[in-house]
Every structure is written in structure tokens, then in C-alpha cells.
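This report concerns only the one structure given below.
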Amino acid sequence: MDLKSHINREKLPLHIAIIMDGNGRWAKQKGKPRVFGHRNGVKAVRETTEAAAELGIKYLTLYAFSTENWNRPKLEVNALMALLVETIRSEIKTLNKNGIRLQAIGDISKLPPRSYKELQNAMESTRDNDRMTLVLALNYSAKWEIMKAVKDLAQLVEDGSLSANDINEGTFANALSTKGMPDPELLIRTSGETRISNFLLWQIAYSELYFTPTFWPDFRKEDLYKAIIDYQQRERRFGKISEQVV
Ligand code: IPE
Ligand code: IPE
Ligand code: MG
């Protein structure tokens, strides 16, 4: 079946977020080291990015490294950081060719200097592209982000430039690292795990959640199409009753 033609172009999500999970288990199944799984995950990133851009999705956010992932074996962390540098460097051309802007959310200043530099360079080089924004969540955790927003707002109040009364959903959202981005309508997690793992807690308040048993290195364009078709069949009621939303 040609899945792509079953997608309703009038009802596309503006923003899709993905928890790319299952690289380690994918490799283990093949009797290979975990890092082999991460390397093969790059192809899935490429395919997904291309598919999203072709469809006209405006924002694609990929959870690439959480603040908790620093607790993995040093060898794996180092390999992931090296892969990041390598991948970003080799993809800049393609991103520019396809009109894709690269952005990052998370405490990226704490990344190894080489990774940080490469990332800054790629963000700078793609800043004027406007077909789609690819957001990498790197050294990201939602609790870190929310704490930071609270502190930044508290500082403004302390300085006298903001009144506590003026803090609302809008000002709070603008203090998050996703400032200016629409909330994801669709959140996908691969690998069969059904948890959020400290990702975008504020922004996914009303997202549709989609879980697939597919391990991330096996995720292809068709898998993204399937998720979008599933999303399009749901009724998003936002607290109302069915008759009010049709
Ligand atoms: C996701 O795959 C990639 C990162 C978290 C960096 P995992 O490495 O978590 O793979 P599993 O979940 O152990 O299989
Ligand atoms: C979440 O995956 C983080 C990323 C995909 C980058 P994990 O594999 O680290 O999450 P847990 O440990 O299963 O919750
Ligand atoms: Mg995992």
C-alpha cells in the first residue's frame, strides 16, 4: 500500500517530536556493540528528516541526548559525542540544499567543545533556511528547562522588570528553550517503551502520543507516514465533547 498518498495534506501536524529509542537493543539483537546501533540510527535521522521536509512539516524535534544519558558508560558517551560532530559536519550541505534550519534545545554549552563548536557552526550556516526547522534536543531534559525558565523569570521579577502578575502561559512558554515554536501535535517514541523520559513536559500537554515497537535504526519514511496517518484518525477534543469539535 502506498502510505504517503493516504496522508491528508490539509491536516498535517506543524510540529512532530520523536524520542529516538532502541539503538542499543537493535545492535544487541545483531550481536554487535551498542555503538553500532547509534551509527545505524543516523540513517533513520536522515530518512525521517527528509520525509518530514517533503511532506511540509514545519518543525521536527529529535531527542538525541538527555541530561540523564551522561550516566552511561564513558565509552558510549564519547562515541555519541563523536558521532554528533561527524554527522552534523557531513549533513550541513544536505540541510542547506533542502532548506532546513538546524536548531538545538538543551544545555548545549555543557557539550564537549568540539561538539558545541560544530553545532554552532551548523546552526549559523543554516539560519536563513525556512522550509523546515530541525530541532536537536541535546543535553536536554524537560525538568532542567522548566527550572531554568522559573529562575530566569524570578530574576526578572527580582530586577523589577517583570511583575509576578504578568506571568502567564505565554510568558512562561517564551522562557523555555522552545520559544517561538508551536507545541508538537504528535509525539512519537520508538522501541516499544511507553514513557516520556523527561522530554518536553510542558510542550506535550496536549500532544497525541504514538508508540511503535520499531527500533530507531529500522525507522524509515513509511514508519513516519504510518504515525501521521494514525494521528490524523484521532479526534482531538481539547476537553470539549465530540459534537463540538466536528
Ligand atoms: C536511543 O537508543 C539513543 C540514545 C538514547 C542516545 P538507546 O541507546 O537508548 O537504545 P536502547 O534503549 O538501550 O535499546
Ligand atoms: C531517552 O531515551 C533519551 C533519548 C532518546 C535521547 P533513554 O533510552 O535514555 O530513556 P530511558 O532510560 O529508557 O528512560
Ligand atoms: Mg533507550
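Below is a table of values for the structure above.
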item	result
Selection status of Ala44, modelled with pLDDT of 95 or more and outside any helix (DSSP H, G or I)	no
Some residue of segment 95-113 being farther than 25 Å from Pro184 by Cβ, in a helix (DSSP H, G or I) and not charged (D, E, K, R)	yes
Residues of segment 51-94 satisfying the condition of being in contact with a strand residue (DSSP E or B) (Cβ under 7 Å, 6 or more places away or on another chain), among the hydroxyl-bearing types (Ser, Thr, Tyr) and in a helix (DSSP H, G or I)	Thr67
Test for Thr61: is it surrounded by 18 or more Cβ atoms within 10 Å (Cβ to Cβ), under 17 Å from Ser191 (Cβ atoms) and away from ligand 1 (no atom under 12 Å from the Cβ)	no
Selection from segment 1-41 of residues that are away from ligand 3 (no atom under 16 Å from the Cβ) and in a helix (DSSP H, G or I)	Lys4, Ser5, His6, Arg9, Glu10, Lys11
The listed residue being of a type in the set (Lys, Arg) and under 15 Å from the mean Cα position of the chain (by Cα), out of Arg234, Arg189, Arg220	Arg189
Some residue of segment 163-174 being away from ligand 3 (no atom under 16 Å from the Cβ), assigned to a loop (DSSP other than H, G, I, E, B), closer than 25 Å to Gly106 by Cα and without any contact (Cβ under 8 Å) to a residue 40 or more places away in the chain	yes
Qualifying residues in segment 27-56 (those that are within 15 Å of ligand 2 (Cβ to nearest atom) and within 25 Å of Ser207 (Cβ to Cβ)) - the one surrounded by the fewest Cβ atoms within 10 Å (Cβ to Cβ)	Val45
Any chance Gly22 is closer than 23 Å to Ala142 by Cα, in contact with a Phe, Trp or Tyr (Cβ under 7 Å, 6 or more places away or on another chain) and crowded, with 18+ Cβ neighbours inside 10 Å	yes
When residues of segment 69-80 are limited to those that are among the aliphatic types (A, V, I, L, M) and surrounded by fewer than 17 Cβ atoms within 10 Å (Cβ to Cβ), the one farthest from ligand 3 (Cβ to nearest atom)	Leu75
Positions within segment 200-215 being out of contact with any Leu (no Cβ under 8 Å at 6 or more places or on another chain) and in contact (Cβ under 8 Å) with a residue 24 or more places away in the chain, in sequence order	Leu201, Tyr206, Thr212, Thr214, Phe215
Test for Tyr206: is it crowded, with 18+ Cβ neighbours inside 10 Å, within 19 Å of Lys58 (Cβ to Cβ) and of a type outside the set (Gly, Ala, Ser)	no
Pairs with Cβ under 8 Å, 6+ apart, first in segment 8-34 and closer than 17 Å to Pro184 by Cα, second in a helix (DSSP H, G or I) and among the β-branched types (Val, Ile, Thr)	Leu12/Ile228; Pro13/Ile228; Ile16/Ile228; Ile18/Thr48; Met20/Val45
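So that you can scan it fast, the table gives a plain yes or no per residue for (1) modelled with pLDDT under 95; (2) outside any loop (DSSP other than H, G, I, E, B); (3) within 16 Å of ligand 3 (Cβ to nearest atom):
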position	(1), (2), (3)
Leu176	no, no, no
Leu187	no, yes, yes
Arg195	no, no, yes
Asn198	no, no, yes
Leu209	no, yes, no
Ile228	no, yes, no
Tyr231	no, yes, no
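The values are calculated or read from the model by the stated rules, or taken from the named source; none is laboratory data. These numbers were taken from a predicted model, which means no experiment stands behind them. Reconstructed Cβ throughout: ideal geometry from the backbone, glycine too, with neighbour counts over all protein chains shown.
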